[in-house]
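Here is the structure we will look at, set down as structure tokens.
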Amino acid sequence: MTFFTSLPVSLQTLLLLLASNVFMTFAWYGHLRNMATAPWYAAALVSWGIALFEYLLQVPANRIGYTQFSVAQLKIMQEVITLSVFVPFAVFYLEEPLKLDYLWAALCMVGAVYFIFRSH
């Protein structure tokens, strides 16, 4: 853990948010493939179990990040990372088609990043 804490705050935040998003994406959407025939409440319980790990990373990410970033900046970082994790997950894990709409959504996120970070 000493190595991790020696990293810049921005990188610590980014890595924790990235890892938490992997868990979040599996918690929210993994059951669509793995538990398609299971009752919804079973999928919900499994998802909650996975989401615990997401929170164990998300909470420290926000606490660490808040020492350098505003809440709005943390939220936009989260959304950009979410899209960055979700697209490969949808394409490779759920075997959804890759669409240009993902590119347009990413471009909108670039605009969001610009507006949230421009005053700092």
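The values are calculated or read from the model by the stated rules, or taken from the named source; none is laboratory data. Just so you know, these numbers come straight off a predicted model, no measurement behind them. So basically every Cβ, Gly included, is an ideal-geometry build from the backbone, and we count neighbours across all protein chains shown.
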Quick check on my filter: what residues within segment 78-104 are part of a helix (DSSP H, G or I), surrounded by fewer than 14 Cβ atoms within 10 Å (Cβ to Cβ) and more than 13 Å from the chain's Cα centre (by Cα)? Phe92, Leu100, Asp101, Leu103, Trp104
Which numbered condition trips up Trp40, out of (1) surrounded by 11 or more Cβ atoms within 10 Å (Cβ to Cβ); (2) under 21 Å from Ala90 (Cβ atoms)? (1)
Output the number of the condition that Glu54 fails; it satisfies all remaining conditions of (1) on the phi > 0 side of the Ramachandran plot; (2) charged (D, E, K, R); (3) surrounded by 13 or more Cβ atoms within 10 Å (Cβ to Cβ). (1)
Hey, Met24 hits all of (1) at pLDDT 95 or above; (2) farther than 30 Å from Ser119 by Cβ; (3) part of a helix (DSSP H, G or I) but one; which does it fall short on? (2)
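Of all residues in segment 38-71, how many are basic (Lys, Arg) and over 22 Å from Thr5 (Cβ atoms)? So that I can check it myself, show each step before the final result.
Narrowing segment 38-71 to residues basic (Lys, Arg): 63.
The next check asks that each one be over 22 Å from Thr5 (Cβ atoms); those that pass are none.
Residues meeting the conditions: 0.
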Quick check on Ser10: is it of a type in the set (Ser, Thr, Tyr), loosely packed, with under 14 Cβ neighbours inside 10 Å and touching a residue at least 24 places away in the same chain (Cβ under 8 Å)? yes
If a residue has to be touching a Ser or Thr at 6+ places or on another chain (Cβ under 7 Å) and farther than 12 Å from Asn21 by Cβ to count, how many in segment 50-68 make the cut? 3
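For Ala19, indicate whether it is out of contact with any Asp or Glu (no Cβ under 8 Å at 6 or more places or on another chain), part of a helix (DSSP H, G or I) and at pLDDT 95 or above.
Values: out of contact with any Asp or Glu (no Cβ under 8 Å at 6 or more places or on another chain): yes; part of a helix (DSSP H, G or I): yes; at pLDDT 95 or above: yes.
When the stated conditions are applied, Ala19 passes them.
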Hey, does segment 63-77 have a residue that's surrounded by fewer than 13 Cβ atoms within 10 Å (Cβ to Cβ) and not in a helix (DSSP H, G or I)? yes
